[in-house]
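Chemist: One structure, as structure tokens, below. Some questions next.
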Amino acid sequence: MTLESDEVESMQEDEKQVTIQFVAENGESMFQPFEVPRNISPQKLQLVLKALFTDESEKNRPYLFFVNDTEIKESLSATTECMIIDYEKTLQITYQPQAVFRVRGVTRCTSSLSGHGEPVISSLFSPDGQFLASGSGDKTVRFWDLTTETPLHECKGHTNWVLAIAWSPDCHNLASGDKSGNIICWDPVSGKQKGKTMTGHKQWVTTISWEPLHLAPGGVCRRLASASKDGDVRIWDVALGQCIRNLTSHTACVTSVRWGGTGLVY
């Protein structure tokens, strides 16, 4: 009986009216005080405020409501439960407009670079932002001049789809891996292959990551890490065209690899 009586008293308390007045962030009171239920929710406060505004832009803007710098999240009664409130006086509720971000949809393409005979699978800007490289299902790698928006070089050497590409940090090399598991290093200036094709992966190459420039001996980028569907991560010396480490602890496909700044490969 005591529990039921407490619940009844709580319901009656919530149904009681309280006089409130909306106050802007700058302390300005634009509207007259009026009565609302103590258990009014922020959604209903939003509707009341919307009805009071005359400007359409202010009506359509979402607002947050505060009592003594405490946000009203569930209801007014829940927010003021632990506060000392004199309900004989007008309770001021501060309303604060929320930021509204309107993103315009892309309605047109500003530029397009044509040349590949099959879908482009991978593309990557050079670290200096001057060039773009792309790998395609047509088994080629292309270098593009972004200033003239024209192709610089068409690089042929892969025997299957080019799935992954990666610029060296010094912009002097581009490595590309294909579906056959082969990796080729390209000279972006001449468009020619540098060294021999690096073979070793039993399935397709999923990702490539170069050694950071500050770790490269003499400031020359020549080592990279590659991951594959075969579960291996291999470390290559592109100058020698050889695999110098084969990390085989993974038991499934490795989809991402990163060469960290402290020398660890993740």
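Chemist: Aspartates and glutamates within cross-link reach of residue 16: Cα-Cα under 18 Å, excluding same-chain residues under 8 positions apart?
Modeler: Leaving aside aspartates and glutamates fewer than 8 places away in the same chain, those within reach of residue 16 are 6, 7, 35, 74, 81, 86, 88.
Chemist: Show 87, 95 ordered by accessible area, largest first, where the area counts protein heavy atoms only and the probe is 1.4 Å.
Modeler: On the way: 87 75, 95 15 Å².
From most accessible down to least: 87, 95.
Chemist: When the Karplus curve 6.51 cos²θ - 1.76 cosθ + 1.60 is applied with θ = phi - 60°, which whole-Hz ³J(HN,Hα) does each residue of the range 139-146 get, with x for Gly and Pro?
Modeler: With coefficients 6.51, -1.76 and 1.60, one gets 6, 10, 10, 10, 9, 10, 8, 6 Hz.
Chemist: Using a basic spin-label model with each label point 7 Å from the Cα along Cα→Cβ, how many nm lie between residue 145 and residue 253?
Modeler: Once both label points are built, they end up 3.9 nm from each other.
Chemist: Quickly rank 66-73, 112-119 as a protection proxy: mean count of other C-beta atoms within 10 Å, highest first.
Modeler: 66-73, 112-119
Chemist: Taking H placed 1.01 Å from N in the peptide plane, check which residues at least 5 places from residue 123 or on another chain put their amide H under 5 Å from its amide H.
Modeler: Distant-sequence amide H within range of residue 123: 135.
Chemist: Place a +1 charge on the Cβ of each Lys and Arg in the chain and a -1 charge on the Cβ of each Asp and Glu, then give the dipole magnitude about the Cα centre in debye, rounded to the nearest 20. All intermediate terms of the calculation are to be shown ahead of the outcome.
Modeler: On the way: 25 positive and 32 negative charges, 498 e Å.
Using only the charged Cβ atoms, the result is roughly 2400 debye.
Chemist: Assuming 0.36 nm per residue, please report the length gained on full extension of the stretch residue 240 to residue 110 beyond their Cα-Cα distance. Intermediate results must be reported in sequence, preceding the final value.
Modeler: Values: separation 130, 0.36 × 130 = 46.80 nm, distance 4.22 nm.
The span from residue 240 to residue 110 would gain 42.6 nm if fully extended.
Chemist: OK, next. Based solely on its DSSP helices, what 222 nm [θ] is calculated for the chain when runs of n ≥ 4 H residues each add -39,500 (n - 2.57) and the sum is averaged over all residues, nearest 500 deg cm²/dmol? Don't jump to the answer; show the numbers that get you there.
Modeler: Values: 4 runs with 33 residues, N = 266.
Mean residue ellipticity at 222 nm (helix-derived): -3500 deg cm²/dmol.
Chemist: Can you list the lysines whose alpha carbon sits under 20 Å from that of residue 192, skipping same-chain ones fewer than 8 residues off?
Modeler: Leaving aside lysines fewer than 8 places away in the same chain, those within reach of residue 192 are 139, 156.
Chemist: Name the most mobile residue of 218, 191, 231, meaning the one with the largest mean-square fluctuation, in a Gaussian network model of the chain with Cα contacts below 10 Å.
Modeler: 218
Chemist: Decide, for the range 150-263, between rounded, prolate and oblate: order the square roots of the alpha carbon gyration tensor eigenvalues as a ≥ b ≥ c, take rounded if a/c falls under 1.5, and otherwise choose prolate if a/b is larger than b/c, else oblate.
Modeler: oblate
Chemist: Could you run the Karplus curve 6.51 cos²θ - 1.76 cosθ + 1.60 with θ = phi - 60° over the range 28-37 and give me ³J(HN,Hα) per residue in whole Hz, x for Gly and Pro?
Modeler: 6, 9, 8, 10, 6, x, 7, 9, 9, x
Chemist: Right, another one. Could you tell me how many degrees, from 0 to 90 and to the nearest 10, lie between the Cα long axis of helix 42-52 and the main elongation axis, the longest principal axis, of the Cα atoms of the chain?
Modeler: 70
Chemist: In whole angstrom, how far apart do the alpha carbon centroids of the range 52-86 and the range 129-172 sit?
Modeler: A separation of 56 Å, based on Cα centres.
Chemist: Quick one: accessible surface of residue 120, probe radius 1.4 Å, all protein chains present, in square angstrom to the nearest 10.
Modeler: Roughly 80 Å² of residue 120 is accessible to a 1.4 Å probe.
Chemist: Taking all protein chains in place and a 1.4 Å probe, what share, in percent, of the accessible surface of the chain do carbon and sulfur account for?
Modeler: Values: 7900 of 15930 Å².
The computed percentage sits at 50.
Chemist: Still on this structure: Tell me, in nm to one decimal, what length is gained between residue 84 and residue 16 on full extension, where the rule is 0.36 nm per residue of separation less the Cα-Cα distance? Working shown, then result.
Modeler: Numbers: separation 68, 0.36 × 68 = 24.48 nm, distance 1.66 nm.
Result for the pair: 22.8 nm of gain on full extension.
Chemist: If you don't mind, another one. Within the chain, what percent of beta bridges assigned by DSSP are antiparallel, to the nearest 5?
Modeler: Details: 53 of 57 bridges.
Of those bridges, close to 95 percent are antiparallel.
Chemist: Now, a different point. Can you list the lysines whose alpha carbon is less than 21 Å from that of residue 50, not counting same-chain residues fewer than 8 positions off?
Modeler: In chain and number order, the partners are 59, 73.
Chemist: Would you kindly give the portion of the calculated P(r) for the chain that falls above 26 Å, as a percent of all Cα pairs? Don't skip to the end; give the middle numbers.
Modeler: Numbers: 21253 of 35245 pairs.
More than 26 Å apart: 60 percent of the Cα pairs in the chain.
Chemist: Not counting ligands, DNA or RNA, and with a 1.4 Å probe, what is residue 250's accessible surface area in Å² rounded to the nearest 10?
Modeler: 110
Chemist: Something else now. Near the amide H of residue 91, under 5 Å away, which other amide H atoms are found, from residues 5 or more places off or on another chain, if H is placed in the peptide plane?
Modeler: Those qualifying (amide H under 5 Å, at least 5 residues apart or on another chain) are 19, 20, 21.
Chemist: Here is a further query. If you take the beta carbon distance between residue 202 and residue 262 as r and set R0 to 35 Å, what does 1/(1 + (r/R0)^6) give as a FRET efficiency, to the nearest 0.05? Intermediate values should be presented prior to the final figure.
Modeler: Numbers: r = 30 Å, r/R0 = 0.85.
So, using R0 = 35 Å, E works out to roughly 0.70.
Chemist: Would you please give the residues with an amide H less than 5 Å from that of residue 160, counting only those at least 5 places away or on a separate chain, with H modeled from the backbone geometry?
Modeler: It is 179, 180, by chain and number.
Chemist: Contour minus end-to-end for residue 57 and residue 28, with contour as 0.36 nm per residue of separation and end-to-end as the Cα-Cα distance?
Modeler: Going from the current span to full extension adds 8.6 nm.
The values are calculated or read from the model by the stated rules, or taken from the named source; none is laboratory data. Treat the numbers as computed from the prediction; the structure is a model and nothing was measured. Using ideal geometry, Cβ is built from the backbone for each residue, glycine included, and neighbour counts are taken over all protein chains shown. Ligands, DNA and RNA are stripped out before the accessible areas are found, and what is left, the full protein with its side chains, is counted by its heavy atoms. Shrake-Rupley method; radii C 1.70, N 1.55, O 1.52, S 1.80 Å.
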